[in-house]
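Notes follow once the structure below has been shown.
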Amino acid sequence: MLQLSKLSVGNVLRDLSLTIKKEEFVLIVGDNGSGKTTLFNAISGYIKPTSGSIILDGEDVTDMPQHARAFAIANVFQDPKSGTIGNMTLRENLNIAYMRCSRRSFRLSNSRTRDDLYCEKLNALGMGLENRLDEKVRHLSGGQRQALSLIMSTISNSKLLLLDEVTAALDTKASKNILNIVHEITRREKKTCLMITHDISHAESWRDKLFVLKNGKLHNHINYCT
């Protein structure tokens, strides 16, 4: 599904290799400055690797710009405001997500069909957001806004979901709720997921693989701790 081979980015990442299979949930733990965000930016296409390759679903995307791989890779960032537009309604934000990461035509589904899809996905959150499609996103709490970002990331048929410190801007209660939502969404939607965090307790109990990123290199967690 995703294969990184001897990936290097300047002096931040060095000869990093990683394979993630379809529907796997992989957790990468690292301190601030360890290169976690640089790794995500390289996979997403925001920065170009110095050397090495990035293979996604059998296709070499190493030199492919971010906009060209957006249909295949969905991102959820630390700050809930980064993935949503506060002055637009929930429906408008979801419409953008529907189009941004999709190759299908907007005209292929009418507004009722889209609303039904949005309500179905939002209903699974248990937050009542399915009843607030016409409300401005700026009125949501941080946890609700991050949950919306997660739903937006699953609207399209993206092949890979990247989660970048998704609870960093939330309080303890909201963080726990978001992590539970992440678990439910990724399993229900059968998403292949790579999540980075500085806290090893995040998703540790239900990840498929766990690595430590330190000094620009990935270490198997078990080997690293022994």
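None of the figures in this text is laboratory data; all of them are computed from the coordinates on show. Model, not experiment: these values are computed from the prediction. When we count neighbours, we look across all protein chains shown, and the Cβ atoms used for this are built from the backbone with ideal geometry, even at glycine.
Using Cα-only point scatterers and the Debye equation, what is log10 of I(q)/I(0) for the chain at each q in 0.10 Å⁻¹, rounded to two decimals?
With no solvent term, the Cα-only Debye profile gives -0.44.
Please return the longest stretch of the chain lacking exposed loop sites, where chymotrypsin sites (Phe, Trp or Tyr not before Pro) count only if DSSP places them in a loop and at most 14 other Cβ atoms lie within 10 Å.
Result for the longest clean stretch: 47-205.
Find me the longest stretch of the chain that has none of the exposed GluC sites (Glu not before Pro), where exposed means in a DSSP loop (not H, G, I, E or B) with at most 14 other Cβ atoms within 10 Å.
24-134
By how many degrees, between 0 and 90 and to the nearest 10, does the Cα long axis of helix 142-155 differ from the longest principal axis of the chain?
It works out to around 80 degrees.
Out of residues 5 or more away from Asn75 or on other chains, whose amide H comes under 5 Å of its own, with H placed 1.01 Å from N in the peptide plane?
Those lying under 5 Å, H to H, from Asn75 are Leu162.
If you build the Cα gyration tensor of region 1-82 and take the root of 5 times each eigenvalue, what three semi-axes come out, in whole angstrom, biggest first?
17, 17, 14
If r is the Cβ-Cβ distance from His67 to Asp15 and R0 is 30 Å, what FRET efficiency results, to the nearest 0.05?
So the FRET efficiency works out to roughly 0.60.
Roughly what % of DSSP beta bridges within the chain run antiparallel, to the nearest 5?
Here the share of antiparallel DSSP bridges comes out near 50 percent.
At a Förster distance of 45 Å, what's the computed FRET efficiency of Glu135 paired with Lys48, Cβ-Cβ distance as r, to 0.05?
Plugging the Cβ-Cβ distance into 1/(1 + (r/R0)^6) gives 0.70.
With labels modelled as points extended 7 Å from the Cα through the Cβ direction, what inter-label distance (nm, one decimal) is found for Glu184 paired with Ser201?
Reported label-point gap for Glu184 and Ser201 is 2.2 nm.
Let me understand region 88-157 better: what is its radius of gyration from the alpha carbons, and its Dmax, in angstrom?
11.3, 33
Can you tell me the orientation of helix 172-188 relative to the chain, as the angle in degrees between its alpha-carbon axis and the longest Cα principal axis, to the nearest 10?
90 degrees
Where does the longest stretch of the chain lie that holds no trypsin sites (Lys or Arg not before Pro) found in a DSSP loop with 14 or fewer other Cβ atoms within 10 Å?
105-189
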